[in-house]
Amino acid sequence: MRQSLFITFEGGEGSGKTTQINRLSSYLIEQGQKVVTTREPGGTPEAEAIRDLIVQRDAGDWTPMAEVLLFNAARVMLVDKVIKPALETDKVVISDRFLDSTVAYQGYGHEMDLKDIDAIQKLAVHDFVPDLTFILDIDPEEGLKRSDRRLAGEKFVLDRQEDRYENMELEFHKRLRNGFLEIAKQEAERCHVIDATQDLDAVTEDIKKIVQSKLKVAA
Ligand SMILES: Nc1ncnc2c1ncn2[C@@H]1O[C@H](COP(=O)(O)OP(=O)(O)O)[C@@H](O)[C@H]1O
Ligand SMILES: [Mg+2]
């Protein structure tokens, strides 16, 4: 049975998002689903150009508000050009980060007014939200150890910005983790917190079970 579903993966650095997206995508393809994977910021040529603007150190020091606006400009393109068309043709779309990362990083991490962020995101995508969100939860110290900080090309853009906060870096990541958990509490139906400290297969199993229950595919 093929059907559309929009799944997002959220969580801090090194929580296993990319790894688990690859595993889930392979599994769903085996099940006969058509799968589109994407990432934020990015996923269209325009949105990737915005990603480059944010990640290039010499492109300027964006303030959190400017970042929220840039992320949402990229998001509008991704939603309109990639995500919605894929869902309309019965594909499963999996995004590496989405709306919740902006709330967690700029809202909880950088302590921007959550109401401002919510207003901007509503303006950008209206009531378009994922069907299902996995929040991969891990102690930030452990997650940061996992992610190889030397591989700049693989790093999430906000890491670079966090370089400015070296002394409070861990505090930032703790606020971030707490932010994701708060989001999960507030949107318990959509968000599933996954214990990302488990081994890879156990994490994949937890995710698969929930996706199966949504898609009703054979186990
Ligand atoms: N459950 C796990 N146990 C041990 N190592 C893991 C686990 N999940 C991911 N990793 C490893 O941690 C690193 C970061 O994983 P990755 O999927 O890139 O995380 P993210 O995309 O969330 O930053 C990779 O080297 C990956 O192999
Ligand atoms: Mg990743």
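Some points to look at:
- Hits among aspartates and glutamates - C-alpha to C-alpha of residue 34 under 14 Å, sequence gap 8 or more where chains match: 88, 90
- Along the axis of the charge dipole computed for segment 5-215 (Cβ charges of +1 for Lys and Arg, -1 for Asp and Glu, origin at the Cα centre), the listed residues 53, 36, 79 are led at the positive end by 36.
- The chain: angle of helix 114-125 to the longest principal axis, Cα-based, in degrees nearest 10: 50 degrees
- Of the listed residues 102, 18, the order by accessible area with a 1.4 Å probe, largest first, is 18, 102.
- Carbon and sulfur %, accessible surface of the chain computed with the full protein complex present, 1.4 Å: 50 percent
- Segment 5-215: translational diffusion in µm²/s, Stokes-Einstein, Kirkwood Rh over Cα pairs, 37 °C, 0.692 mPa s: 189 µm²/s
- Residue 170 exposes around 50 Å² of accessible area when a 1.4 Å probe is run over every protein chain in place.
- Probing with 1.4 Å while keeping every protein chain in the model, the per residue accessible area of segment 19-78 equals 47 Å².
- Cross-link table 91/214; 81/208; 91/216, entries beyond 18 Å C-alpha to C-alpha: 81/208
- Relative to the longest principal axis of the Cα atoms of the chain, the long axis of helix 17-30 lies at roughly 20 degrees.
- Shape category assigned to segment 62-141 from the gyration tensor of Cα positions, a/c cut at 1.5: oblate
The values are calculated or read from the model by the stated rules, or taken from the named source; none is laboratory data. Computed from a prediction, not measured in an experiment: that's the story for all the values here. So basically every Cβ, Gly included, is an ideal-geometry build from the backbone, and we count neighbours across all protein chains shown. Surface accessibility is based on the protein's heavy atoms, side chains included, excluding ligands, DNA and RNA. Shrake-Rupley method; radii C 1.70, N 1.55, O 1.52, S 1.80 Å.
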